[in-house]
1. Let me confirm something: among Thr257, Thr280, which residue is touching a Pro at 6+ places or on another chain (Cβ under 8 Å), at pLDDT 95 or above and closer than 28 Å to Ala49 by Cα?
2. Which one of Ala151, Ala134, Ala156, Ala184 is of a type in the set (Gly, Ala, Ser) and more than 30 Å from Pro85 (Cβ to Cβ)?
3. Quick one: count up the residues across the stretch 232-264 that are within 15 Å of the ligand (Cβ to nearest atom), in a loop (DSSP other than H, G, I, E, B) and in contact with a helix residue (DSSP H, G or I) (Cβ under 6 Å, 6 or more places away or on another chain).
4. Could you check Arg310 against (1) within 30 Å of Asp91 (Cβ to Cβ); (2) within 16 Å of the ligand (Cβ to nearest atom); (3) surrounded by 14 or more Cβ atoms within 10 Å (Cβ to Cβ) and say which number it fails?
5. Kindly check whether there is at least one residue in the stretch 44-63 that is buried (at least 21 other Cβ atoms within 10 Å of the Cβ), part of a loop (DSSP other than H, G, I, E, B) and not aromatic (Phe, Trp, Tyr).
6. For the stretch 266-278, check the following and say yes or no: at least one residue is aliphatic (A, V, I, L, M), buried (at least 21 other Cβ atoms within 10 Å of the Cβ) and assigned to a strand (DSSP E or B).
7. For the stretch 253-264, name all the residues that are over 21 Å from Cys60 (Cβ atoms) and buried (at least 24 other Cβ atoms within 10 Å of the Cβ).
Amino acid sequence: MQRWRTTSVAEHPPLISFNHRVVPWDEARLHVWSEYAIRGASVFEGIRAYWQPVVEAYACLALQEHIARLYRSAQLLRMPLDVAPEQVIDDIAVLLEALDLRQHAYIRPTLYVDEDRPAGSVGVYVGAFPMPHAEQCWMGIRACVSSWRRAGDDVAPPRIKWGAGYGILRLARNEAVSGGYDEAFLLNDRGHLTEATGAAVFIVRDGVAATPPLSAGILESITRTRVLELLQTELGVPVEVRDVQRSELHIADEVFTCGTLREIVPVTHVDAWTIGDGQTGPITARLRDRYFAICDRAETAPHGWMTTMRQRRGVA
Ligand code: PMP
C-alpha cells in the first residue's frame with residue numbers, strides 16, 4: 001500500500017490543490033518572507049475521508065463541522081474570508097478524485113495569508129494522504145504529563161486551530177518522545193488536564209467517562225463531541241464533562257485519546273503508572289470498535305455523521 005508521511009516534504013502525493021487548482025506537488029510554493037512562513041499565519045483542519053469500497057465513494061466524517069471550525073479559526077484571526085466554504089469542499093472533492101487513492105485518506109485544508117496575494121484575499125491549499133487506521137488504536141500508547149502548560153483563552157485561544165498555535169504542542173510532544181513516551185498530556189494554569197498534543201482525552205472511573213470542559217482550554221474537538229454522543233446514546237456509559245485532576249489520570253480504570261487523525265487510542269500508561277491492567281479497557285474497546293464500524297461502513301453511521309463525496313468519474 002502506498003504511504004506518504006503527512007509531515008514529510010520528501011515523501012508526498014503527486015498532486016495537491018493550490019488556490020483551487022490541482023497542481024503537481026512541487027508547484028505549491030509560498031515565499032520564505034511571507035507572514036505564513038515567518039509567523040505561521042495559517043488556520044487548518046484535519047479531516048478524514050473513509051473509502052467505502054461497496055459504493056466506491058468517500059464518506060467524510062463531520063465534514064461540515066470541520067469546515068465551520070476552519071472558518072471560525074480564520075474569523076478569530078481576522079483573516080480575509082473571500083473564499084466560500086463550499087469552494088473549500090469542492091477543492092477537497094476535486095483533489096480526492098484526481099488522486100484516486102481508493103483507500104482511507106486524511107485531508108488537510110489550510111487557509112493562509114500572504115502579502116503577495118491581492119489585498120483582502122485568503123490563500124487556500126488542500127493536501128490529501130492515504131491514512132489507514134493507526135495500529136496504536138489496538139496496541140495502545142504510553143503518555144506522560146508534560147511540564148509545558150496549555151495556554152488559556154486569554155493567552156492563546158486553544159479553540160483556534162492555527163499554525164502558530166501548534167508550537168506549544170510541539171514542545172510537549174518533543175518532551176514526551178525524548179522521555180520515551182508516545183504522547184503528552186498538557187495541564188492548564190490551574191493544574192487541570194486539558195488535552196493531548198493532537199487529541200482530546202477521556203478517563204473512565206467506576207464505569208463513568210469524564211472529559212475536560214472547553215473552558216479547561218482545549219480545542220473544540222469534533223471527535224470528542226461524537227464520542228460523548230456514542231458513549232451516552234449507544235454504549236449506555238454515563239459521561240461527565242468536568243475538570244479532571246492530574247492524579248485522576250494515574251488512578252483511572254481506563255484512559256483514551258480521541259481525534260480525527262488518531263481516532264480512538266487506548267492509553268496503557270501515564271508517567272510511571274499502569275492504567276488498569278495495562279491493556280485496552282472494556283469501554284475503550286467497545287467505543288473503538290463502534291467508531292471503526294461507523295468509519296468503515298458509513299451506512300451504519302448515526303444520522304449526520306457522514307457526507308458522501310460526489311464522484312464525477314464516469315459522468316459525461
Ligand atoms: N486537540 C488538538 C490540539 C488537536 O490538534 C486535535 C486534532 N484536530 C484534537 C484535539 C482533536 O480534534 P478533532 O476531534 O476535531 O480532530
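The values are calculated or read from the model by the stated rules, or taken from the named source; none is laboratory data. The structure presented is a predicted model; accordingly, all values stated were derived computationally and were not measured. Please note: Cβ atoms are built from the backbone with ideal geometry, for glycine as well, and neighbour counts cover all protein chains shown.
1. After applying the criteria, what remains is Thr280.
2. Only one candidate passes the filter, namely Ala184.
3. 1
4. (2)
5. The answer is yes, given that some residue of the stretch 44-63 is buried (at least 21 other Cβ atoms within 10 Å of the Cβ), part of a loop (DSSP other than H, G, I, E, B) and not aromatic (Phe, Trp, Tyr).
6. Yes: one or more hits.
7. Filtering the stretch 253-264 for residues over 21 Å from Cys60 (Cβ atoms) gives 253-257.
Answer for the stretch 253-264, where residues must be over 21 Å from Cys60 (Cβ atoms) and buried (at least 24 other Cβ atoms within 10 Å of the Cβ): Val255, Phe256, Thr257.
Residue-wise test of (1) more than 11 Å from the ligand (Cβ to nearest atom); (2) farther than 20 Å from Ala128 by Cα; (3) at pLDDT below 95.
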position: Arg48; (1), (2), (3): no, no, no
position: Cys60; (1), (2), (3): yes, no, no
position: Gln64; (1), (2), (3): yes, no, no
position: Leu76; (1), (2), (3): yes, yes, no
